[in-house]
Amino acid sequence: LWGCKEESQEERFVMEGIVAEVSDAHVFIYEEQSGISRVLTKEEAISKSIQSSSFGFDDKISHIEVGDKVKVWYDAIDHSLPASGHGTKIELIKRP
């Protein structure tokens, strides 16, 4: 388990983070960092070794924008750097 808030829920996993990149059915999130007031790019999060993950979804996720804080439910993830997995649900927690 890594730094983003992660918990098991009915045999699914949940992760929270800030959206650095989003497309129709894909999102890249990183662990929220204290002292950083701006949204990092995917490349910045990776280069700073901030815990991050990329999730692909079966459906479009058009309601999510770069900079949003989100909660992602997923059923599988690899632990490469950055990690990647299959998202099953995404929920907006906070918009900047």
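Quick notes on this one:
- If you go through the stretch 9-19 and keep only what is open to solvent by 60 Å² or more (accessible area, probe 1.4 Å) and either within 16 Å of D68 (Cβ to Cβ) or aromatic (F, W, Y) (or both), you end up with just F13.
- For the stretch 36-51, the candidate set comprises residues that are open to solvent by 50 Å² or more (accessible area, probe 1.4 Å), touching a strand residue (DSSP E or B) at 6+ places or on another chain (Cβ under 8 Å) and part of a loop (DSSP other than H, G, I, E, B); within that set, the residue that is nearest to R95 (Cα to Cα) is V39.
- Residues in the stretch 19-39 that are at pLDDT 95 or above, more than 14 Å from Q51 (Cα to Cα) and aliphatic (A, V, I, L, M): V22, A25, V27, V39.
Table: residues versus (1) farther than 13 Å from I29 by Cα; (2) in contact (Cβ under 8 Å) with a residue 60 or more places away in the chain.
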{"residue": "I46", "(1), (2)": "no, no"}
{"residue": "S52", "(1), (2)": "no, no"}
{"residue": "D58", "(1), (2)": "yes, no"}
{"residue": "G67", "(1), (2)": "no, no"}
{"residue": "A76", "(1), (2)": "yes, no"}
{"residue": "G85", "(1), (2)": "no, no"}
{"residue": "I90", "(1), (2)": "no, yes"}
{"residue": "K94", "(1), (2)": "yes, no"}
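- Unique residue being modelled with pLDDT under 95 and either charged (D, E, K, R) or in contact with a Leu (Cβ under 6 Å, 6 or more places away or on another chain) (or both) when the list is E91, E16, E7: E7
- Residue, nearest to M15 (Cα to Cα), within the stretch 52-88, restricted to residues that are surrounded by 15 or more Cβ atoms within 10 Å (Cβ to Cβ), of a type in the set (S, T, N, Q) and out of contact with any Leu (no Cβ under 9 Å at 6 or more places or on another chain): S53
- One residue stands out in the stretch 20-35 among those that are outside any loop (DSSP other than H, G, I, E, B) and aliphatic (A, V, I, L, M): the one that is surrounded by the most Cβ atoms within 10 Å (Cβ to Cβ), namely I29.
The values are calculated or read from the model by the stated rules, or taken from the named source; none is laboratory data. In this text, all values refer to a predicted model and were calculated from it rather than measured experimentally. Cβ: placed from backbone, ideal geometry, glycine included. Neighbour counts: every protein chain shown. Accessible surface areas use protein heavy atoms only, side chains included; no ligands, DNA or RNA. Shrake-Rupley method; radii C 1.70, N 1.55, O 1.52, S 1.80 Å.
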